Ligand SMILES: CC(C)(COP(=O)(O)OP(=O)(O)OC[C@H]1O[C@@H](n2cnc3c(N)ncnc32)[C@H](O)[C@@H]1OP(=O)(O)O)[C@@H](O)C(=O)NCCC(=O)NCCS
């Protein structure tokens with residue numbers, strides 16, 4: 001697990017947010033965040049909390065950050081290693097990312113993503129991939145690139161952010177934890 005200095009951010013005059021690496025005391029809060037955040041998500045199988053647990057159990061949570069506001073954990077983001085054409089690489093998958101419904105649209109998701117991308121860069125990442133809505137993720141520099149494909153994923157929803165000049169070509173695969181069943 002990456003040891004990352006907690007970053008405190010000030011929101012308005014009263015609310016304070018800290019982005020920091022998860023600790024064992026956060027596991028239950030992280031589960032609850034993803035259960036609540038994805039409860040009504042149209043493309044979710046409602047297994048995001050199980051995916052995080054399975055990644056952690058397999059030591060594949062390369063970066064796992066929480067957002068804490070006034071002592072409460074309200075958001076979480078995970079990054080894990082991925083493969084291209086079945087081979088290990090220095091690219092990471094972003095996700096899942098979730099924010100408690102009552103705290104959405106206050107900039108927490110954006111801060112988790114920005115801090116997470118910085119964290120994987122410090123790990124030597126050469127790029128990052130996610131499956132998501134281009135309307136949201138393009139603001140972080142993610143674009144569709146036809147060099148990378150993923151089985152069963154519409155091309156426009158497979159977005160990538162290269163961190164070096166070279167973009168590999170091939171088929172992206174998640175860690176097996178992503179296929180966990182409820
Ligand atoms: C997606 C999510 C993590 C964003 O976190 P957040 O704290 O609510 O988002 P922010 O406040 O940082 O950003 C809000 C902006 O993102 C937009 N946005 C949020 N989710 C979006 C989505 N799925 N598609 C398009 N835009 C989205 C909002 O419209 C808003 O845009 P604006 O700034 O132009 O008004 C959060 O909404 C969430 O947990 N959603 C449910 C789970 C989910 O969809 N996770 C992502 C898929 S892995």
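The values are calculated or read from the model by the stated rules, or taken from the named source; none is laboratory data. Quick caveat, the model's predicted, so the values are computed rather than measured. Note: ideal-geometry Cβ built from the backbone for every residue, glycine included; neighbour counts use all protein chains shown.
Summary table below
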read-out	value
Evaluation of residue 95 against (1) free of Cβ contacts under 8 Å to residues at least 12 places away in the same chain; (2) at positive phi (one fails), failing number	(1)
The range 114-151, subset under 12 Å from the mean Cα position of the chain (by Cα) and closer than 15 Å to residue 172 by Cα, residue nearest to the ligand (Cβ to nearest atom)	132
Any hit, the range 34-45, residues being out of contact with any helix residue (DSSP H, G or I) (no Cβ under 8 Å at 6 or more places or on another chain), surrounded by 21 or more Cβ atoms within 10 Å (Cβ to Cβ), in a helix (DSSP H, G or I) and at pLDDT 95 or above	no
Condition met for residue 77 (at pLDDT 95 or above, more than 10 Å from the ligand (Cβ to nearest atom) and part of a strand (DSSP E or B))	no
Single residue of 71, 98, 109, 86 found to be within 13 Å of the ligand (Cβ to nearest atom) and either crowded, with 22+ Cβ neighbours inside 10 Å or farther than 18 Å from residue 137 by Cβ (or both)	98
